[in-house]
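Novice: For reference, the structure I am asking about is given below.
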Amino acid sequence: SMIRSGIEDGSFMGWDDPRVGTVRSLKRRGVQPEAIREVMIQVGPKPINATLSWGYIASVNRKIIEPKARRFTFVRDPVNLKVIGILGEHDVRLPSHPDHPEWGSREYSVRSDKGEAEFVVSGEDAEKMSGGEFTRLMGLFNIEIMHLGSGEIHARFHSKSHQEARKHDFPFVHWLPSGVGIQAQVVMPDASTARGLAEEDCRDLKEGSMIQFERYGFVRVDSKSPFVAYYAHR
């Protein structure tokens, strides 16, 4: 009755609003039928009321979807990043799934123009950067942050070594080449919308597909054009 009242007065978008606990809502967020069945079996019939945490439901669902969810990059609230001093050309191959090499990889070729190249990184990662510190663009190379301006970050190429980044505990951030990607929206559990850029291959996904935006979370593809996904959980 509380949900119905909220729908009628416009507080909720409908019976599949991500903030309500209906089966339709869980389905739209990507909770699998097998997960619901497993939770019901684990709880079982009891003479007292049972309380289920979202964390528990997410953990059961994660075990089901993680082995088959392809990986993609999503850059939320993109910020421009210009890198200078790049030596040579750099080819990047990011696996579609670490346990399924037969699924192929996402490939990018970084070609600098007079030693410079431009990228986008998430606003959240940008806020953590400071001048004089080092960061690794995942799968690519390490950079030194030089200057953080209004809406743009300036950095210089530092080194290629992944091992060096690990040794010195450089932060790892996701990225996309400037001018690459599709506009994407992710509807969050509180019904807010995260906006940014997703890899272009996301436009070929089927509606209802479960994927993982790396370092962001598992999402269910709700619409292809425009690209809209519903956030499930980490």
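The values are calculated or read from the model by the stated rules, or taken from the named source; none is laboratory data. As the structure is a computational prediction, the values presented were derived from the model and not from experiment. Using ideal geometry, Cβ is built from the backbone for each residue, glycine included, and neighbour counts are taken over all protein chains shown. Ligands, DNA and RNA are stripped out before the accessible areas are found, and what is left, the full protein with its side chains, is counted by its heavy atoms. Shrake-Rupley method; radii C 1.70, N 1.55, O 1.52, S 1.80 Å.
Novice: From the residues in region 1-12 that are open to solvent by 100 Å² or more (accessible area, probe 1.4 Å) and in a helix (DSSP H, G or I), which one is modelled with the lowest pLDDT?
Specialist: Only one residue tops the list, namely M2.
Novice: Name the residue, out of F119, F157, F170, that is touching a strand residue (DSSP E or B) at 6+ places or on another chain (Cβ under 9 Å) and either at pLDDT below 95 or not in a strand (DSSP E or B) (or both).
Specialist: Working: F119 fails: either at pLDDT below 95 or not in a strand (DSSP E or B) (or both); F157 fails: either at pLDDT below 95 or not in a strand (DSSP E or B) (or both).
Testing whether each residue is touching a strand residue (DSSP E or B) at 6+ places or on another chain (Cβ under 9 Å) and either at pLDDT below 95 or not in a strand (DSSP E or B) (or both) leaves just F170.
Novice: Further question: So, in region 86-109, how many residues would count as being outside any strand (DSSP E or B) and either closer than 27 Å to I145 by Cβ or touching a residue at least 60 places away in the same chain (Cβ under 8 Å) (or both)?
Specialist: Taking region 86-109 and keeping what is outside any strand (DSSP E or B), we get 86-89, 96-104.
The next check asks that each one be either closer than 27 Å to I145 by Cβ or touching a residue at least 60 places away in the same chain (Cβ under 8 Å) (or both); those that pass are 86-89.
Matching residues across region 86-109 total 4.
Novice: I86 versus (1) open to solvent by less than 20 Å² (accessible area, probe 1.4 Å); (2) under 19 Å from the mean Cα position of the chain (by Cα): which is the lone unmet condition?
Specialist: (2)
Novice: Something else about it: Considering only residues that are surrounded by 11 or more Cβ atoms within 10 Å (Cβ to Cβ) and of a type in the set (G, A, S), look in region 51-74 and name the one that is farthest from A198 (Cα to Cα).
Specialist: Result: S59.
Novice: Considering only residues that are in contact (Cβ under 8 Å) with a residue 60 or more places away in the chain and either outside any strand (DSSP E or B) or surrounded by fewer than 20 Cβ atoms within 10 Å (Cβ to Cβ) (or both), which ones fall in region 210-221?
Specialist: Answer for region 210-221, where residues must be in contact (Cβ under 8 Å) with a residue 60 or more places away in the chain and either outside any strand (DSSP E or B) or surrounded by fewer than 20 Cβ atoms within 10 Å (Cβ to Cβ) (or both): E214, Y216.
Novice: Determine which member of the set S223, S192, S150 is among the polar types (S, T, N, Q) and closer than 24 Å to E66 by Cα. Walk me through how you get there before you give the answer.
Specialist: On the way: S192 fails: closer than 24 Å to E66 by Cα; S150 fails: closer than 24 Å to E66 by Cα.
The match here is S223.
Novice: Now a separate question. Against the conditions (1) touching a Lys or Arg at 6+ places or on another chain (Cβ under 9 Å); (2) acidic (D, E); (3) within 23 Å of G196 (Cβ to Cβ), where does E127 fall short? Just the number, please.
Specialist: Failed condition: (1).
Novice: Follow-up. Output the residues belonging to region 202-219 that are farther than 14 Å from E66 by Cβ, charged (D, E, K, R) and within 14 Å of the chain's Cα centre (by Cα).
Specialist: R215, the sole residue that qualifies.
Novice: Are any residues in region 31-62 among the small types (G, A, S), at pLDDT 90 or above and touching a helix residue (DSSP H, G or I) at 6+ places or on another chain (Cβ under 7 Å), and if so, which ones?
Specialist: So the first thing to find is which residues in region 31-62 are among the small types (G, A, S), and the list is 35, 44, 50, 53, 55, 58-59.
Restricting the remaining residues to those that are at pLDDT 90 or above gives 35, 55, 58-59.
Listed by number, the list holds a single entry, A35.
Novice: Kindly indicate whether G181 is over 30 Å from K68 (Cα atoms), under 22 Å from the mean Cα position of the chain (by Cα) and not aliphatic (A, V, I, L, M).
Specialist: So G181 does not fit the description; no.
Novice: Looking at I57, I36, I65, which is the one that is part of a helix (DSSP H, G or I) and touching a strand residue (DSSP E or B) at 6+ places or on another chain (Cβ under 6 Å)?
Specialist: I65
Novice: Go through (1) under 17 Å from the mean Cα position of the chain (by Cα); (2) loosely packed, with under 14 Cβ neighbours inside 10 Å; (3) not hydroxyl-bearing (S, T, Y) one by one and return the number of the condition W175 breaks.
Specialist: (2)
Novice: Looking at region 13-33, can you tell me whether even one residue there is surrounded by 13 or more Cβ atoms within 10 Å (Cβ to Cβ), in contact with a strand residue (DSSP E or B) (Cβ under 9 Å, 6 or more places away or on another chain), outside any helix (DSSP H, G or I) and hydroxyl-bearing (S, T, Y)?
Specialist: The answer is no; no qualifying residue exists.
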